[in-house]
Structures are given as C-alpha cells and as structure tokens.
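The values are calculated or read from the model by the stated rules, or taken from the named source; none is laboratory data. Keep in mind the model is a prediction, meaning the values are calculated, not measured. Please note: Cβ atoms are built from the backbone with ideal geometry, for glycine as well, and neighbour counts cover all protein chains shown.
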Amino acid sequence: MKSMEKIVSLCKRRGFLFQSSEIYGGVQGFWDYGPLGVELKRNLKDAWWSDMIRGHNNLLVPEGAPSSYEMVGLDCTIIMHPQVWKNSGHYDLFHDHMVDCRESKKRYRFDQVRGRWCQRGETKVFVSTLAEAEHEADEVRRRAMKFFKLRAKNADELTVGDESLTLDRLDDTKSVLAPDAKSLDTLTDPREFNLMFKTTLGALGGEDDVTFLRPETAQGIFVNFKNVLDSSRVKVPFGIGQVGKSFRNEITPRNFTFRSREFEQMEIEFFCPPDQSQQWYRYWRDRRLAWYTELGLSSESLIMREHHTEELAHYSVGTADIEYAFPFLPPGEYGELEGIAHRGDFDLRSHMEGKLDPNSPEGQPMQVELNEHGKPKYRGSGKDLSYRDEVTNEKFVPHVIEPSAGADRGALAFLCEAYTEDQAPDDKGNMQTRTVMKLHPRLAPLKAAVFPLVKKDGMPEIAKEIYGNLKQHFNVFYDDKGAVGRRYRRQDEAGTPYCITVDGDSVSEGTVTIRDRDSLEQTRVKIDDVVSEITQRMS
C-alpha cells in the first residue's frame, strides 16, 4: 500500500503543494500550489475543458448519447445575490453537525468522531478518536488503556469491541470519552453549522448587506440559463461548463487537500428534455468514469457508487459518485472524486418560482414554501426559465444532469496514483530504488528536461538551443547541475516523461539521447527531429 506520508513529503519537496501561510504557522484547510503543482492542476483543468467543452464536436453524435448536443462555457462571479442561496436551499439546508468538548475546548464535526466500546470489568465506555479508520483500533486501545490506568502486562483485562460505532448510534452520551478529553460526558449535543462563508457588500456592513461566498459553481449556471439560450442559440439538449473556486467553511478539514475550505470545481450542468433525462444520466456517468481511466487512474482503484434512496437530496432523482481508493483510507474504502447527479427540474424551477418545501408530504408535488402570512417565503426571480422546442412547440422546464468534479481532489488522486517506487540503475550501473511520479503526459507539469552531459565542449550551447525550440511548444526544464543520474532522479520525482541528454555524439554526429521515464528506454534522435519526436510522443 502506498504511503500518504511519503506522497505529502514529495509534494512539498518537489514543489507540488505547500501549506498556506506556512511561515506564520499555516491556516488549516487552505493549500498553495507550488511551481509543479500549479502546472499539474492547470493541465488537469485544461484537459477537462478540452475534452468536455471546447473539443466537443456537436456535429457528431457521441457514442451512447440519445442525440447530438452542444457544449458552451461560463465564468460566473464568486459573490452572487443572496436570494440565490435562499432559493437554492443552501441558506437553510447546507450545514453539518458539530459538537464541542467542554474539557478540551475543541470543536469536531459530528460524523467524523469515530470510536469503539471498551470494557473493563463492569465499566463500559465509548472511547472516541479522530484517527483515520486504518489506525482507529490501535488509537482506541491506547486511549482506553490510559483511561483505565492499565499497564501493558494487564492488557488482557481490557475488551475492545470489534464494531466501529458512530456517536449518532449511542444511547448514553455520558459514557463517551471525547477525542481529546480525560473524563467522560464532556461533549455537547450536536447542532447545525452552516458551511457558507459570510461576507458583506458595500461600506455600511449592516444586516441587509450580508452575502456569501459561493459554496458551489452550479448556481451561477442556473441563473444564467436564459442568457445563454438567448445569446448563443443553443438548443436543448446542451451543456454549460464552468471551472472556478468555491468555498465551504468545513468544521474539520482533513486528509491533505481532500477536504479543504477553498477548492476548485469543474462542473457541467446538462439541460435535457424530461423524457430523455435517464438516458443522459447514464451517458454522463459512463463518460466521466472513462475520462479518469483514460488519463491514468487505475480501474481497480475506481468505483461507481449509486446513492441509496436515503442518501439522496430531496430534489434528486438519482446520484452516483465516482470514488477513488485514496491511500489515506483503509483497504476497501473509497473517497468521492466526482458526483453525477440527476437533479430533475428543481434548480430552474426554484429560481423561477421560489424555494420549494422539502417537507411536502410524500407523494405530493413540491410546493413553494410560505411564510406566516401565507406568502412565498423565498420568492423566485419571476423569470420564465422554461424552454420551448422549435420543432414540436412543446414547452417544458428542462431536467438537469450535473457531473461535478473537484480539480483539487482530481489532482490529489492523480498524484497518489502516479507515486511509484521501483528499481533503476544509477550512474555506475548499480540498481537502486527510485521514486517516480508516473503522471500521464497530458498532466505532467514538465513535458521534457534538457541536460548537457558536461558544461563544456559546446554541449551547453546545443542543449540551450534545443531547450529554446521545445519551450515554444511545451513546458520544459533545463538542468546542468550534478551528475546526470541525479538529474534523472529529480525529473522522475517531478513526473517529467522525457529527458534529453546532449553528449559528445551530439557535437560530432548531431544526435541526442531521449530517455523514457517509465520504461527507462533510451533512443538516439537527430537534433533537428527532437521537437517533432516529443510532439509525436505527447500525442
């Protein structure tokens, strides 16, 4: 199993990721992308935009699609009208539950407090921990031994339950030992915590000026639905894509960049006729899963998990998550990489009519939520967001399929997948363990590195000319410091697919060596053919 500690160490050492504001002690839940990291993330977003939006050919019917369709893009603002978040449901429903510990004065997200029942004699205690699942049992046993004041020689007096329980299944909270507490019954009752970041518009800063940083990019697409229809002449079915920052005030961000307070999304809102929506839902599920494997994620590390009925949002017709086996999870467990949701007509109808009441009786149509005076609590825009088919003259509110991917989680998954330790010869031909990031060439931050074997005999001049020619087409690196084997190792850790070495034969015969990162195969290529050779290999 891959070591998350080694991956995190490499990310900092090679400039993929840094803790935000690190020289001041860091800010939890925020991360800065270094020179290599920013290129990786940009390449990931560019690949998504090229494959999903810009490179889409609406004149060809994609395999598996019910009909042809068009794709366009948007770039919406981070701050929107507050009414957007009231009608979308975020103002009332977008929350987690948190608990506080009266002893340690620490705050936890309720569902992340794990634990097990521990018993000594007649005393039974639920010992909780924030440790990852793979370390949960060991950490619970350690804390229980300390709580019961047991020495190692008396360990057999302690019984630790096999089943891992969550706090919401406990009947007697007085028997809980909080994660950082030494005594029992220190946790408060769970309470709701809205995840949106508040801010103010204008100089007065009063209650009427309160607004929010967007917790998702989707709503900007929904409120611009009619603008896109009127300005770009697209026809349903069609999709709108957007890449942008979102913000969620997570109670306990964790697992490196997997759960952050500032993150970037790559989202599509695909609008289709209601009677075709199930077909489009299946189409986008299959297409998005295939995209990850095409870029290098192992199919053995990916699953498509359909949500159970009790997991679905009140508006959702169906949701499936593409999940990846991140190294920080125990074997057999997966973390969400992307969600594909069948949202029905909830979003367009909410912004048109007002927020719908999620508590409508089962089997009854959703109603606009009313205030104490019998008037709409959250009024919609009043704009007609329905669509009229020019051919059939049918008027309907389109259904929406939403493939929503995280750029940060995607980058993390590709980093984890790429991390490899294998054997390779050093400068003297001895086999040594090397660390290599086997990133897909489309995602690799650097596409090639150019080395003069030595800094004399005309080699640097040739190397710099090759570097300059490649630089016009790709992001490449020039390195003339240290033994060539060490330079190879540095580029292996950066994920660079190809290294080009200028040696004595380059001066006399006009050829260079191209080394493949993964196979370690070295081939001689004419200097004049280097650009075309790398271009061909990249494609």
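Residue-level check: of (1) in a helix (DSSP H, G or I); (2) under 19 Å from Gly241 (Cβ atoms); (3) modelled with pLDDT of 95 or more, Thr293 misses just (2).
Could you say whether any residue in the stretch 41-48 is farther than 19 Å from Ser404 by Cβ and at pLDDT 95 or above? Spell out how you get there, then give the answer.
Initially, the stretch 41-48 is screened for residues farther than 19 Å from Ser404 by Cβ, giving 42-43.
From the residues that got through so far, the ones that are at pLDDT 95 or above too are 42-43.
Checked the stretch 41-48: at least one residue is farther than 19 Å from Ser404 by Cβ and at pLDDT 95 or above.
Each residue in the stretch 103-122 was checked for being touching a strand residue (DSSP E or B) at 6+ places or on another chain (Cβ under 8 Å) and not in a strand (DSSP E or B), and 5 of them qualify.
Working carefully through the options Asn87, Asn58, find the one that is touching a His at 6+ places or on another chain (Cβ under 7 Å) and under 20 Å from Leu229 (Cβ atoms). Can you show your working first?
Numbers: Asn58 fails: touching a His at 6+ places or on another chain (Cβ under 7 Å).
After ruling out the rest, the residue left standing is Asn87.
Cβ contacts < 7 Å: first residue under 23 Å from Ala47 (Cβ atoms), restricted to the stretch 228-247; second residue of a type in the set (Ser, Thr, Tyr), any location; separation 6+ or different chain. Result? That search, which allows pairs on different chains as well, returns Phe238/Tyr69; Gly239/Tyr69; Gln242/Thr217; Gly244/Thr217; Ser246/Thr217. For Asp208, the conditions (1) over 30 Å from Thr392 (Cα atoms); (2) touching an Asp or Glu at 6+ places or on another chain (Cβ under 6 Å) are fulfilled apart from (2).
Only one of the listed residues (Asn255, Asn249) is farther than 19 Å from Glu338 by Cβ, in the same structural domain as Leu348 (by TED's automatic domain parsing) and not β-branched (Val, Ile, Thr). That residue is Asn249.
Within the stretch 10-21, track down each residue that is part of a helix (DSSP H, G or I) and exposed (fewer than 12 other Cβ atoms within 10 Å of the Cβ). Outline the logic, then answer.
Filtering the stretch 10-21 down to residues part of a helix (DSSP H, G or I) leaves 10-13.
The answer is Arg13, and nothing else.
With respect to the conditions (1) touching a strand residue (DSSP E or B) at 6+ places or on another chain (Cβ under 8 Å); (2) closer than 29 Å to Phe270 by Cβ; (3) surrounded by fewer than 17 Cβ atoms within 10 Å (Cβ to Cβ), Asp92 lacks only one, and its number is (1).
Quickly run through the stretch 99-140 and pick out the residues that are basic (Lys, Arg), out of contact with any Cys (no Cβ under 8 Å at 6 or more places or on another chain) and surrounded by fewer than 19 Cβ atoms within 10 Å (Cβ to Cβ).
Initial filter on the stretch 99-140 (basic (Lys, Arg)): 102, 105-107, 109, 114, 116, 120, 124.
Among the residues that remain, those that are also out of contact with any Cys (no Cβ under 8 Å at 6 or more places or on another chain) are: 102, 105-106, 109, 114, 116, 120.
Result: Arg102, Lys105, Lys106, Arg120.
Each residue in the stretch 150-176 was checked for being touching an Asp or Glu at 6+ places or on another chain (Cβ under 9 Å) and at pLDDT 85 or above, and 2 pass. Checked against the criterion of being touching a residue at least 60 places away in the same chain (Cβ under 8 Å), under 20 Å from the mean Cα position of the chain (by Cα), part of a strand (DSSP E or B) and within 20 Å of Arg191 (Cβ to Cβ), the candidates Asp100, Asp96 yield just one match: Asp96. Looking across the stretch 387-408, just one residue is surrounded by 15 or more Cβ atoms within 10 Å (Cβ to Cβ), among the hydroxyl-bearing types (Ser, Thr, Tyr) and out of contact with any Pro (no Cβ under 6 Å at 6 or more places or on another chain), and that is Ser404.
The single condition among (1) surrounded by fewer than 20 Cβ atoms within 10 Å (Cβ to Cβ); (2) not in a loop (DSSP other than H, G, I, E, B) that Met266 does not meet is (1). Which members of the stretch 42-93 meet the condition of being part of a loop (DSSP other than H, G, I, E, B) and either of a type in the set (A, V, I, L, M, F, W, C) or not assigned by TED's automatic domain parsing to the domain that holds Asn249 (or both)? Selection gives Leu59, Leu60, Val61, Ala65, Leu74, Cys76, Ile78, Met80.
Scan the stretch 491-539 for residues that are among the basic types (Lys, Arg) and without any contact (Cβ under 8 Å) to a residue 24 or more places away in the chain and the total you get is 2. If you go through the stretch 221-245 and keep only what is of a type in the set (A, V, I, L, M, F, W, C) and outside any loop (DSSP other than H, G, I, E, B), you end up with Ile221, Phe222, Val223, Phe225, Val228, Leu229, Phe238, Ile240, Val243. The single condition among (1) out of contact with any Leu (no Cβ under 8 Å at 6 or more places or on another chain); (2) assigned by TED's automatic domain parsing to the domain that holds Phe212 that Glu103 does not meet is (2).
Rundown of residues vs (1) farther than 17 Å from Phe110 by Cα; (2) basic (Lys, Arg); (3) part of a loop (DSSP other than H, G, I, E, B), yes/no style:
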| residue | (1), (2), (3) |
| --- | --- |
| Asp189 | no, no, yes |
| Gly202 | yes, no, yes |
| Gly205 | yes, no, yes |
| Pro215 | yes, no, yes |
| Gln219 | yes, no, no |
